[in-house]
Amino acid sequence: MARPRFFAFITVAIFALCHTKTIANDGNSVDQQAHADDSTPLVIESGEMIEVSLPESLSSYSFENIILELDQINITELVELSEGSLSYQPTIQLDVGKHQLSATDIQSGEVIAEWIFEVRYSEISESSLAIDSQFIASQRIAEKNIGDPAPNRFHGQANSQVSFSHLSNRWQLEGAFDLYYDSIEENRFSERTIDNGEFLVSVSNQYAEAHIGHQVVGNGSFIMDNFSRRGVSVVGNMSSIESKVSGFSLSSNEIFGFGGGMGISDRRQRVDGMYFETSPVKEQPTLWTLSGTWIDGQINIEDEYVAQAFVGGGGSESQSWSITSESLLLEDKLHFVAEYARSEFDLDRTDGIEAEEDDAHKILLSYSDVIESDVTGSEIAWSVGGLKQRVGTFFQSIANQGLATDKDLFQINAAVQSESTALQFSTETHQDNVESIMVLPTIETTLNSLSLSWSPTLEDTTSWVGSPSFTLAIAEQDQSEIRTPENTPISVGNEVFSWQVSSNFAYEVNSWGINLSNTDFIDRTGLQNDSNTLGVSLFSNLVFDETASVSASIGIDEIDDLITQVSSKSINYALQTYVSIIPNELDLSFDYSINQNETSDLLINGNNTSINFVLNWKIREQAVNQFGIDLSLSSAYNDFDDKLMTLNSLESHQTFLTITATLPSRLGNSE
Amino acid sequence: MSNQIRLVILIFLLASFPLQARIISVTANTNNNQASLINSTQIQIDWRISVEARNSGLLTVRSMNGTFFAPNRETQLGMSSNLLTQNRTLNEGQGATLNIRESLVIPQTVARRAQQLGFSQVLFLRTFTDTPDATTATSVLLIDLAGASSAGQIQIDRVQMQFSNGKRVTSLSAESELQAEALLRYRGSGMIEYSWEIASPPSTQGQIFYTPMVSRKQFVLAGSEIKLQSPILPSSRNGLYFVRLKLNNPNPNFEMPILRYTVVPQTSEQPKSLLVGSPPQDAVLSTQTQFSWQAVSDAKVYQVEVFLEQPNDTAYSSKQLIRPVTGTQVPATKETLSFNAISLAHLRTGQTYYWRVIAVDQAGKVLAISKSRRLIY
């Protein structure tokens, strides 16, 4: 019997059926087994239903008042309840690892029963390979003013997206990578004619994982955040003690293509490290999670996708570590995070200055709850929180180069939400020169912001406003120099006040919206000119029975210099249309955009008009292991009109005849 | 001696006299007079050298190197070995101004040494010499020391480019949703003027035309880091696309990166686009909020999912890094739903979320995915 594809390679083992948050009707906590025998794992064959026995505590509940959630997704409407048990056929593939099924009383919001189960790899073997390839050949058949020398008339491109997996003996191997070819050298992202972009190959079982390629390791911290790099990592999962340990070696620079290998052979451009995460309270893992990261690395800035000022000729070197404690307490209402990190960073190993040591820490505390209004009877959700964060002047980490350093921040925020209205407020103060270095100025910045959102629930959503939502956001900033070093004649001080109103309207399939924004800047010391900035944008998206679509937008930004009385304005008009002339055979797309820029002092005054049109004939529909072929006639028109220096004006266009072949290849077997 | 011979001798004598000129003054202007203590800083200096010629000829003005001094003008902190030179042919009695632009790196070493000596400024001295007269003039640029952050005019220190799926080079299915992101690390606060520009097929098959998608003038508050997001990138036509952020003001002292992506046709196995109705972008989420969508043939269930971060809409995978924080499944007989209080209890008040709808068939295959929209709770 053929098994559903998604469940062909997993078996589901429910072996930890104990629930620890069971609360009886009288409110007293009781521990109760949900299954008669939790010492023997309940193994469910792939594709079969998940079935669990119901504890006696549920017998007193009306099932109409129970919400059943799988991994926090409400599945109540798809669960079948029978006397003494419930069953659910997973509709989407469950990932390998732990999953949680819970039953909650809708009246009280209390969790009545909870089941933790684990999905494991099966012993079923299956291999699959998917290669989606595209080959494009185009010939330029007409042109005007496209540069000297003009590009070759013929242009060939090809790309393939390759993914594979093999599952066997409780092991899983999977990987993905892209291949690119371009006949025009300038279009390539490397010197190679054929090269690959990013790749990732992973091998895993229930205890360990190994990854080779582009990856992100660990959770965000002061020393490592948004750090996606090529390299190698090994992860050990110890589910019995709710812990995970990872060792990694990643390239400190972004690497693409075949040339970089694993990206870790050069010690001068490598970050080595360890990451661990543990939840000591097994019965309730979110009660306390402890995580830590340690890294040691070097970097020479040669990153094609990061632009920055010159850093240092000899390359940088850094060691840093971070430890984080996170807790969800009082039925998850109280959220507490504390992090401490220390770094030792040598910006330039050859400059004779020793590495700088510094630290960073933060404490975040927030509380949220829901109460019932005595007046309206409706529920009001509210939260209040605070953040205290200090990052030292010389704190730096190779794996988090975007971190704002030299800053002491204190922030308080609050939010209230009732039915269709939400109000958010935050106030923060930050001060730089946290080391109180005498020769540096110390600047204090206060920032207050308020946001009010309203989404009225209308009975008739077919009127011209459809389903609307409105937001008003106000922000106010004040910067002042609270200590000025000697011999520095100017102390800094400025004020900013900005507001923004946005409205969005949604219909059955269409939507439109309008945004207005305004910013006033006042400099108390004359260092910068006072200014006023006004922005207006309008957009709409229209779909007509999947045979046609139109998207249109207008954006206007204008800045007035209140000192020089010079104003600068930019306007963007954009229109994108798609029409299916013969469904699945012939379609037309047409884009039109105008970008206008002008200043009142007549230094800039120009328009850029751009038109693209493509008429596409689908000669043969693609299918698995079968070529699809498209033939298209396309044209790109560009007109730059400089109204001040007419010699700069240029009108150009180019027209192409293009044939595109696509081939989705699939190979696979199972036994 | 005939007049003609006298004239020839006079011309010969005039031509044999070398140019006589002198440097009158040198001034320096810079786009940034702050040197960071924690990074080496790159600045642009415009040197203006005023000269005067007594007779005509070729003048060469040269500065072999520059020197960093402490404000006491006695303690040397470092040197820059950039050679600056410019030639100009002058006529007799003509005055002229020579402009030489220098890209100067102020090493962290220099700034740190000055700070350790108790100074809040660094001096950069350059002496210019003219050839052939060897007159000299010196100018001094005053540079303030700064920490990692500062008030005053905004300066961009670093720009990191990537797509919203975290990649730098990527391919995506037609009609998928992708944005470009630029993480700017900056000092000070002020106006940034920028354009997101796109080069799309058919122009990428020949001469590349960059077209502005949006031009913004945005005031950046003190914060040190900002993420600029492009509009949704076009993905309706197959082929190669380039996207770049053009920073018009402040002008960065470095070359900006260019991202590239390739749009490939949707295969029959990939999820199609699912059209959603309400709620609109930035709606307030409550138990009264109604989610609606267009029916998908062969669907068995629909799942409305809420995420803390914007999900990658190009594909569905149970292994996706971003997991929904809450959601609801309903049978395919329904095309609308509202969340109950239990589902909303997984959310934190005051937070922005993203929602989408997926359609799943009998075999567990994801048939269609909607584009995501923001929600406020």
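Within the range A:400-411, the presence of a residue that is within 7 Å of another protein chain (Cβ to nearest Cβ), within 21 Å of residue A:334 (Cα to Cα) and modelled with pLDDT of 95 or more is excluded. Hey, among A:475, A:548, which residue is in contact (Cβ under 8 Å) with a residue 24 or more places away in the chain, more than 10 Å from chain B (Cβ to nearest Cβ) and open to solvent by less than 30 Å² (accessible area, probe 1.4 Å)? None of the other options fit; the residue is A:548.
Just for the range A:315-370: of the residues that are without any contact (Cβ under 8 Å) to a residue 12 or more places away in the chain and acidic (Asp, Glu), which one is surrounded by the fewest Cβ atoms within 10 Å (Cβ to Cβ)? Within the range A:315-370, the match that is surrounded by the fewest Cβ atoms within 10 Å (Cβ to Cβ) is A:354.
Okay, residues lined up against (1) among the small types (Gly, Ala, Ser); (2) assigned to a strand (DSSP E or B); (3) over 10 Å from residue B:21 (Cβ atoms); (4) modelled with pLDDT of 85 or more:
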| position | (1), (2), (3), (4) |
| --- | --- |
| B:51 | no, yes, no, yes |
| B:55 | no, no, no, no |
| B:62 | no, yes, yes, yes |
| B:67 | no, yes, yes, yes |
| B:74 | no, no, yes, yes |
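Does residue A:146 fit the bill of being in a strand (DSSP E or B) and either in contact (Cβ under 8 Å) with a residue 24 or more places away in the chain or at the interface with chain B (Cβ under 10 Å from one of its Cβ atoms) (or both)? Before you say what the answer is, go through the steps one by one.
Details: in a strand (DSSP E or B): no; either in contact (Cβ under 8 Å) with a residue 24 or more places away in the chain or at the interface with chain B (Cβ under 10 Å from one of its Cβ atoms) (or both): yes.
Judged against the criteria, residue A:146 is not a match.
Of the listed requirements (1) open to solvent by less than 60 Å² (accessible area, probe 1.4 Å); (2) closer than 20 Å to residue A:576 by Cβ, residue A:456 misses just one: (2). Restricting attention to the range A:580-597, the residues that are within 20 Å of residue B:232 (Cα to Cα) and either touching a His at 6+ places or on another chain (Cβ under 6 Å) or more than 11 Å from every other protein chain (Cβ to nearest Cβ) (or both) total 0. Could you list, ordered by first residue, the pairs with Cβ atoms under 6 Å in which the first is in the range A:622-635 and buried (at least 19 other Cβ atoms within 10 Å of the Cβ) and the second is aliphatic (A, V, I, L, M), at least 6 apart or interchain? Matching pairs, first to second residue: A:632/A:614; A:634/A:614. In the range A:154-161, is there at least one residue being buried (at least 17 other Cβ atoms within 10 Å of the Cβ), modelled with pLDDT under 85 and farther than 30 Å from residue B:341 by Cβ? There is no residue in the range A:154-161 that is buried (at least 17 other Cβ atoms within 10 Å of the Cβ), modelled with pLDDT under 85 and farther than 30 Å from residue B:341 by Cβ. Counting only strands (runs of 3 or more DSSP E) wholly contained in the range B:144-221, the ones carrying 3 or more residues that are more than 23 Å from residue A:181 (Cβ to Cβ) and at pLDDT below 90 occupy B:155-163, B:180-187, B:190-199, B:211-220. Within the range B:252-300, the set of residues being aliphatic (A, V, I, L, M), more than 7 Å from chain A (Cβ to nearest Cβ) and assigned to a loop (DSSP other than H, G, I, E, B) comprises B:285, B:295, B:296, B:299.
Quick one: would you say residue B:185 is at the interface with another protein chain (Cβ under 9 Å from one of its Cβ atoms), basic (Lys, Arg), over 30 Å from residue A:422 (Cβ atoms) and within 14 Å of the chain's Cα centre (by Cα)? Considered against the rule, which asks whether it is at the interface with another protein chain (Cβ under 9 Å from one of its Cβ atoms), basic (Lys, Arg), over 30 Å from residue A:422 (Cβ atoms) and within 14 Å of the chain's Cα centre (by Cα), residue B:185 comes out as yes.
Of the candidates A:570, A:665, the single residue that is within 11 Å of chain B (Cβ to nearest Cβ), of a type outside the set (Val, Ile, Thr) and surrounded by 19 or more Cβ atoms within 10 Å (Cβ to Cβ) is A:570. The single condition among (1) surrounded by 18 or more Cβ atoms within 10 Å (Cβ to Cβ); (2) at pLDDT 85 or above; (3) among the hydroxyl-bearing types (Ser, Thr, Tyr) that residue B:287 does not satisfy is (1).
The number of residues in the range A:320-348 being away from chain B (no Cβ under 12 Å) and not hydrophobic (A, V, I, L, M, F, W, C) comes to 10.
The numbered conditions (1) hydroxyl-bearing (Ser, Thr, Tyr); (2) open to solvent by less than 50 Å² (accessible area, probe 1.4 Å); (3) at the interface with chain B (Cβ under 7 Å from one of its Cβ atoms); (4) not in a strand (DSSP E or B) are all true for residue A:461 except (2).
For the range B:44-60, state whether one or more residues are surrounded by 15 or more Cβ atoms within 10 Å (Cβ to Cβ) and at positive phi. Scanning the range B:44-60, I find at least one residue that is surrounded by 15 or more Cβ atoms within 10 Å (Cβ to Cβ) and at positive phi, so the answer is yes.
Pairs meeting the criteria (first residue in the range A:373-391 and within 12 Å of chain B (Cβ to nearest Cβ), second residue open to solvent by 40 Å² or more (accessible area, probe 1.4 Å) and in a loop (DSSP other than H, G, I, E, B), beta carbons under 7 Å, at least 6 apart or on different chains) are A:378/A:419; A:383/B:348. Only strands (runs of 3 or more DSSP E) whose full extent lies in the range A:82-133 are considered here, and none of them has at least 3 residues that are over 19 Å from residue A:49 (Cα atoms), open to solvent by less than 10 Å² (accessible area, probe 1.4 Å) and more than 10 Å from chain B (Cβ to nearest Cβ).
Taking the condition among the hydroxyl-bearing types (Ser, Thr, Tyr), facing chain A (nearest Cβ under 9 Å) and crowded, with 22+ Cβ neighbours inside 10 Å, does residue B:224 pass? Yes.
The values are calculated or read from the model by the stated rules, or taken from the named source; none is laboratory data. A quick note: this is a predicted structure, and the numbers were derived from the prediction, not measured. FYI the Cβ positions are ideal-geometry reconstructions off the backbone, even for glycines, and counts take in every protein chain you see. Please note that ligands, DNA and RNA were not included when accessible areas were found on the heavy atoms of the full protein model with its side chains. Shrake-Rupley method; radii C 1.70, N 1.55, O 1.52, S 1.80 Å.
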